[in-house]
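See below for the structure under consideration.
The values are calculated or read from the model by the stated rules, or taken from the named source; none is laboratory data. Owing to the predicted nature of the structure, the values given are computational and were not obtained by experimental measurement. Here Cβ is always computed from backbone atoms with ideal geometry, including for glycine, and neighbour counts include all displayed protein chains. Please note that ligands, DNA and RNA were not included when accessible areas were found on the heavy atoms of the full protein model with its side chains. Shrake-Rupley method; radii C 1.70, N 1.55, O 1.52, S 1.80 Å.
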Amino acid sequence: MKLLILFPVLFLLSCSKPPELFVKLSSSHTGINFNNKITENDSINPLDLEFLYNGGGVAVGDFNNDGKPDLYFTASTTSNKLYLNKGNLKFEDITETANVGGNGEWSNAASVVDINNDGREDIYVCTTVISNPLLRKNLLYINQGTNDKGIPVFKEMAAEYGLADTSWSVHAAFFDYDNDGDLDMYLVTTKPAKRESIAFNSNNIQIDNTDIDKLYRNDWDPVLKHPVFTDVSNQAGITEHGYGLGINIVDINYDGWKDIYVTNDFFGSDHLWINNKNGTFSDEIGKYFKHTSQNAMGNDVADINNDGLPDVVAVDMNPEDNMRRKKNMSRYSYFYLQNMLNMGIEPQNVRNTLQLNMGQRLLKNDSIGDPVFSEIGFYAGIAQTDWSWNVSLADFDNDGYKDLIITNGYPRDVTDHDFAAYKNKANNFASKQDILDQIPQIKVSNYAFRNNGDLKFIDVTKDWGLTDPSFSNGAVAVDLDNDGDLDYVINNINDKAFVYENKTNSKHYHPEVRKNK
């Protein structure tokens, strides 16, 4: 009888659901109420503004030097927000006091950097979309220190530093490209394409220079006692056109000089700017990668197989679901490929790509050449994650391997084939609002992949608790509570930001369990 009683109890225990890696915290707990709210109207809508939903970012910095990471969110039509970390995963909105709301500009992303080497972290904000360049100046918030209440206060000084750039800016990366000991800056830009870039026509993409990225050199001004940045793009060889959406800085050929990887949207090739060690760069994307993602958005660089070599992930917009693929994706034909090659564009595919670093090649004279990469996105299991934006390679379960989280979502399925067919006919008789109302709105969840340690990733979106459907864009992995595991923060369109607490180092995923994964 005891056996009959115990057996069902044991069976229930063995079938109980394992705890999730992440727990989404409520805004009432964290105090983070940020919502990148975008309200459509007659002029702000996806028919007239194709970059309407390219979203906002999240930046991290310890702005009051108390040892706790603070969070800065950028917004499209509302105010940017700065949240001070008060401990125990609780935050305080200090935007107004800190004076970092964004000046009413359309903010796309933010970079945190101690730009003047005073020991305090500053914020550089990239702005875009607004047609008037005077209302599209990038912002540089210089940290002035804390007030009597311990709140950091900032002063906007982009013009004084030479960084009030009026390009359609996407993101900025600060790094030392000339090895002189100070931080220079590469600015990724994306001008309004007006859908010119979806056709193979070189005349459409070389009308002006507003779709060329910028390189700024850091020059110390002894009078001002802070850096002043100089645009050295032309002399450095940064002259290629593109619709940039992502950037990473990496010494990809191990020569001690930083190189630049930029992922470009539409048909234009990605850029892999190899540092020539003399102040100039050469775009050698075709030399390193056999093919890339076509609608390349975010990218990240990390060593996925612990061989000491940097690998590269770029994300695209191919859905995992077969129906969504058929409804939203265009066909890929031999004619299409030949047009791409004839235009001098590197081969591209509409899917996420994972460039596995195979190490340096041996040349005929027994010298060592550039590294060789093999693209293994499908083999690794991460090629299809819908309309993707941010990619984060990090060890989320503390097992020694880099895992992968990808944010995705677009509030309007503007590529839906049924909608396109309707729009072509409806333009003659329907109002703009009627047409807008027919664009499908479908939320999908973000994706989480656990690194299996054998060049393959396992989809653990459900197991890790990241199943919330959303329109997600910028995101960041950061240990918010200083407990030794990486939490995750996501900037959403028309929803409050997600703050996920990582439970690896508390009651979840004990070391004994991780050994047997």
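Using modelled backbone amide H atoms (1.01 Å from N, in-plane), which distant-in-sequence or interchain residues come within less than 5 Å of PHE175's amide H?
ASP184, MET185, TYR186
Label 7 Å along Cα→Cβ of GLN235; region 158-192 residues with amide nitrogen under 16 Å?
Correct set: 177-180, 184-185.
Considering all alpha-carbon pairs of the chain, what whole percent are spaced by more than 45 angstrom?
13 percent
Rounded to whole Hz and in sequence order, give me ³J(HN,Hα) for region 126-131 from the Karplus expression 6.51 cos²θ - 1.76 cosθ + 1.60, θ = phi - 60°, writing x for Gly and Pro.
8, 10, 7, 6, 4, 5
How large is the accessible surface per residue of the chain, computed with a 1.4 Å probe and reported in Å² as a whole number? Provide the component values of the computation, followed by the final result.
Values: 22520 Å² over 517 residues.
So the chain comes to 44 Å² accessible per residue, rounded to a whole number.
Where does each of HIS241, HIS417, HIS226 land when they are ordered by accessible area, with a 1.4 Å probe and the largest first?
Details: HIS241 40, HIS417 70, HIS226 20 Å².
Largest to smallest exposure gives the sequence HIS417, HIS241, HIS226.
Dividing the alpha-carbon radius of gyration of region 396-449 by 2.2 N^0.38 Å (N being the number of residues), what value is obtained?
1.82
Within the chain, what whole-number % of the accessible surface is contributed by carbon and sulfur, with the 1.4 Å probe and all protein chains included in the calculation?
Working: 11580 of 22520 Å².
Its accessible area is 51 percent carbon and sulfur atoms.
Assuming R0 = 22 Å, can you tell me the calculated FRET efficiency for the pair THR210 and ASP437, based on Cβ-Cβ distance, to the nearest 0.05?
0.10
Would you mind computing Rg(Cα) / (2.2 N^0.38 Å) for region 232-286, counting N as its residues?
Ratio of Rg to 2.2 N^0.38 Å for region 232-286: 1.08.
Over the Cα atoms of region 37-182, Rg to Rh with Kirkwood Rh, two decimal places?
Reported Rg/Rh (Cα atoms, Kirkwood Rh): 0.99.
Just to check I understand the Karplus step: with θ = phi - 60° and J = 6.51 cos²θ - 1.76 cosθ + 1.60, what whole-Hz values come out for region 43-60, glycine and proline as x?
10, 9, 7, x, 7, 9, 9, 5, 9, 3, 10, 6, x, x, x, 10, 10, 10
Give me the one-decimal nm value for the distance between modelled label points at HIS291 and SER330, 7 Å along each residue's Cα-to-Cβ direction.
1.6 nm
At a Förster radius of 22 Å, what calculated FRET efficiency corresponds to the Cβ-Cβ distance of SER27 and ILE151, to the nearest 0.05?
On the way: r = 21 Å, r/R0 = 0.94.
Efficiency computed from Cβ-Cβ geometry: 0.60.
Which cross-chain or sequence-distant (5 or more) residues have an amide H under 5 Å from the amide H of THR127, H modelled 1.01 Å from N in plane?
ASN108, ASN138, LEU139, SER169
Tell me what the chain gives for mean residue ellipticity at 222 nm when only DSSP H runs of n ≥ 4 count, each as -39,500 (n - 2.57), the sum divided by the residue total, rounded to 500 deg cm²/dmol.
-3500 deg cm²/dmol
About its Cα centre, what dipole magnitude does the chain give when the only charges are +1 on Lys and Arg Cβ and -1 on Asp and Glu Cβ, stated in debye to the nearest 20?
For this selection, approximately 1780 debye.
Output needed: percent of Cα pairs per 10 Å distance bin for region 236-378, bins running from 0 to the one holding the longest distance.
Computed distribution, short to long bins: 11, 39, 34, 13, 2, 0.
Using the Kirkwood radius built from alpha carbon pairs, what does the Stokes-Einstein equation give as D for region 334-432 at 25 °C and 0.890 mPa s, in µm² per second? Write out the running numbers ahead of the final one.
Numbers: Rh = 18.1 Å.
Once the numbers are plugged in, D ends up at 135 µm²/s.
So what are the radius of gyration and Dmax for the Cα set of region 396-489, in Å?
Answer for region 396-489, Rg first and Dmax second: 19.2, 60 Å.
Each residue of region 69-78 in order: what ³J(HN,Hα) in whole Hz does its phi give by Karplus 6.51 cos²θ - 1.76 cosθ + 1.60, θ = phi - 60°, with x for Gly and Pro?
x, 9, 10, 10, 10, 9, 10, 7, 10, 10
Return, for the Cα atoms of region 41-127, the radius of gyration and Dmax in Å, separated by a comma.
Over region 41-127's Cα set, Rg and Dmax evaluate to 14.7, 46 Å.
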